[in-house]
1. When you have a sec, figure out the Kirkwood radius of region 18-105 from all distinct Cα pair distances and drop it here in Å to one decimal?
2. Relative to the longest principal axis of the chain, what angle (0 to 90°, nearest 10) does the C-alpha long axis of helix 158-171 take?
3. Accessible area per residue for the chain in Å², computed with a 1.4 Å probe and the full protein assembly in place, what is it?
4. Would you kindly give the portion of the calculated P(r) for region 214-259 that falls above 11 Å, as a percent of all Cα pairs?
5. Take the Cα pairs of region 1-61, get the Kirkwood Rh, then feed it into Stokes-Einstein at 37 °C and 0.692 mPa s and tell me D in µm²/s.
6. So what is the 222 nm mean residue ellipticity for the chain from helices alone, if each DSSP H run of at least 4 adds -39500 (n - 2.57) and you divide by all residues, rounding to the nearest 500 deg cm²/dmol?
7. Please report, as a whole percent, how much of the solvent-accessible surface of the chain comes from carbon and sulfur atoms (probe radius 1.4 Å).
8. Which percent, nearest 5, of DSSP beta bridges in region 119-254 are antiparallel?
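The values are calculated or read from the model by the stated rules, or taken from the named source; none is laboratory data. Since the structure is predicted, the reported quantities are computational estimates derived from the model, not experimental observations. Glycine also receives a Cβ, built like all others from the backbone with ideal geometry; neighbour counts cover every protein chain displayed. Keep in mind that these areas ignore ligands, DNA and RNA; they rest on the heavy atoms of the full protein, side chains included. Shrake-Rupley method; radii C 1.70, N 1.55, O 1.52, S 1.80 Å.
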Amino acid sequence: MESVFGVDKLTTPLNEREDIIKVKKLNKWYGDHHVLKDVDLTVKQGEVIVILGPSGSGKSTFIRTINALEEFQKGEIVVDNIALTDDLKNIEEIRKETGMVFQSFNLFPHMTILKNISLAPIWVRKWKKAKAEQIAKELLERVGIPEQANKYPGQLSGGQQQRVAIARALAMQPKIMLFDEPTSALDPEMVKEVLDVMKTLAESGMTMLVVTHEMGFARQVADRIILFDKGEIVEMGKPEEIFDNPKHERTKAFLSQIL
Ligand code: ADP
Ligand code: MG
């Protein structure tokens, strides 16, 4: 079934699906600062993982490493059967398959919304302008702001800009979407409109890794929650396990601060 966002929604139970991300014994240092310590994670197609953890625990570094925005020194990362090595061709392939949304929307200020969304597909996917713009318009429709196509980022609210950033990432037809605190820079009244788009995207079958402090979203949308602390995964489980019955002291401490 073709979903609204162009991914196939699978009806197979999660545990019978293919692994789309495999991370094994991942280690990363910044100089002599050990920021990722033997991180292991396997993600199934269509799975939604929420990453929680205190500031500085390595959450951003972890998802940026999956997208090859950061190098790593030890371990293994395989994304959709492509091994992340020094091979530039593989890095390029993995970047094409993973869309990323940041806390700061990073739109190009001097380009219209339509151009912001259609630029990468034209250059990287080699689509004709008409096709890229058609898909950009459809995506704007799906994130709820079709009327903003010809405006510039500065004319939009933060929530609208972040929805454009999501549409822009989706225009590349990624198989995986990585979100790094996508609502942290927004005024409170705009958080929901962005989370609603992410929820629809999750329901459409997209594989997602989401770093967020939005506990409602985590509980409602995540298939699995990971708790990061000091560069390690300290606990991993279903939302109800993590929230209602956390096992690790560090998870309890984190949740007691945030809830
Ligand atoms: P989080 O996203 O969980 O807040 P980060 O992944 O941003 O954590 O950071 C993990 C650790 O790595 C922190 O101690 C941070 O100071 C350090 N760090 C992050 N980016 C860099 C960098 N570019 N150079 C050096 N240290 C960094
Ligand atoms: Mg971060």
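1. 13.6
2. Helix 158-171 and the main axis of the chain meet at about 90 degrees.
3. Result: 48 Å² per residue.
4. Of all Cα-Cα pairs in region 214-259, 65 percent lie more than 11 Å apart.
5. Roughly 233 µm²/s, to the nearest whole number.
6. -11000 deg cm²/dmol
7. 49
8. Antiparallel bridges: around 50 percent, rounded to the nearest 5.
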